[in-house]
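The values are calculated or read from the model by the stated rules, or taken from the named source; none is laboratory data. From a predicted model like this one, the values you see are computed outputs, not experimental measurements. Cβ placement follows ideal geometry from the backbone for every residue including glycine, while neighbour counts extend to all protein chains displayed.
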Ligand code: FA5
Ligand code: MG
């Protein structure tokens, strides 16, 4: 297998979390900044926008059982194997997920709890939790975020009620002012499951789409784009190892398509594993921050972690109000150019690869890897929430030596105060020292 960059300076002590001790091994890569986020409990804080949004969605799906799952430690088996992720899926790499050791990790999605929740016999449930991924740094990505998993499954005889339920949901959607674009089709790349009666699969798929469109209508029905037009929402085909057919839903926001959720018809294997072979149905996993950013007009994902009263005092339970930015402090950017070690393969951060099947990177055996996520992790360890974005601005291969060079622009900005140039220089300096010593790169 490929040589991997060393994990970000782990502590030598075993991790002690939620009453358990996890011995360290070569997979251990949990940094102190992430550990410090484990018990923030944003989903149960009464005036936090994520908690308010969670309540609103739970109220919408009133007949579902709602769970907030407190412990983010899951086995690698639960997060990946049980859901059918192949052994070489990129989300499993130490560059993409947070590992306590080779057997335990911080959940990378709420789907990690699907099998155990079906096993308990629940047919219609919502499960909200904090999830963890090593990822790029920008306004809509953060290494800790919150997902809500939602599912509805029916036993064979109950499926006969679906046409009537679907007709009712369709009627409710008739007055929806949103432009919901959906040109997806069942096809060889996004098929029904061979073990399913296609008429049942079609009814389940329709119930999934109607249910989510009705949620979208409830949440975004009053939200306009900058031109005053209703918000644009679209369905696209997707791939997940634990659903088929599978879809993603995106909204047009801030001049680009922003992905809100992934969903699909639950793979029968998943229900078999949970001892529920006689049932079938759908599941979705949505990003609460992404929805909250659009609804409350919160411009930067780091704000959700603010303890500043100017942030928290703006939100009231049960209400969606527009966030009023309390002055934007000036940004300060610094560029960092460096040579990668010789014979290095560079991997750019693939967005949302942890839960989905995208972003597959094949790396030849024996080559060293420069992974953008490792670089971003060091930046975050040093600068914490003072770093706003990390952007690759130049990528160059020397024509003779074939050595590769990269230049990243680090944009620093605090959410609640002005940063001095000296402070930013000191941060940049520390990042530089750590990436040189930990990633074997050479400054230009
Ligand atoms: C998943 O995590 C699947 N488990 C979703 C799913 C559930 C599919 C059930 C089918 C059935 P994905 O990796 O695309 O999929 O993430 C789901 C959502 O989480 C995204 O659409 C996005 O809204 C949010 N998300 C993903 N990465 C980040 C991040 N770094 N920061 C904030 N939100 C994120
Ligand atoms: Mg996705």
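Please tell me if residue 67 is part of a strand (DSSP E or B) and farther than 22 Å from residue 30 by Cα.
Answer is yes for this residue.
Quick one: which residue in 129, 139 is surrounded by 14 or more Cβ atoms within 10 Å (Cβ to Cβ), within 23 Å of residue 35 (Cβ to Cβ) and away from ligand 2 (no atom under 16 Å from the Cβ)?
Checking each option against the conditions leaves just 129.
Matching residues to (1) farther than 29 Å from residue 112 by Cβ; (2) within 16 Å of ligand 2 (Cβ to nearest atom); (3) at pLDDT below 85:
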| residue | (1), (2), (3) |
| --- | --- |
| 310 | yes, no, no |
| 318 | yes, no, no |
| 328 | yes, no, yes |
| 334 | yes, no, no |
| 338 | yes, no, no |
| 363 | no, no, yes |
| 371 | no, no, no |
| 377 | no, no, no |
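Restricting to segment 151-187, and then to whatever is in contact (Cβ under 8 Å) with a residue 60 or more places away in the chain and touching a helix residue (DSSP H, G or I) at 6+ places or on another chain (Cβ under 8 Å), can you tell me which residue is nearest to residue 132 (Cα to Cα)?
151
Would you mind finding the one in 38, 127, 100, 106 that is under 30 Å from residue 16 (Cβ atoms) and in contact with a helix residue (DSSP H, G or I) (Cβ under 7 Å, 6 or more places away or on another chain)?
None of the other options fit; the residue is 127.
In segment 219-253, which residue that is outside any strand (DSSP E or B) and under 20 Å from residue 50 (Cα atoms) is farthest from ligand 2 (Cβ to nearest atom)?
222
Checking residue 289 against (1) away from ligand 2 (no atom under 16 Å from the Cβ); (2) buried (at least 21 other Cβ atoms within 10 Å of the Cβ), which test does it fail?
(1)
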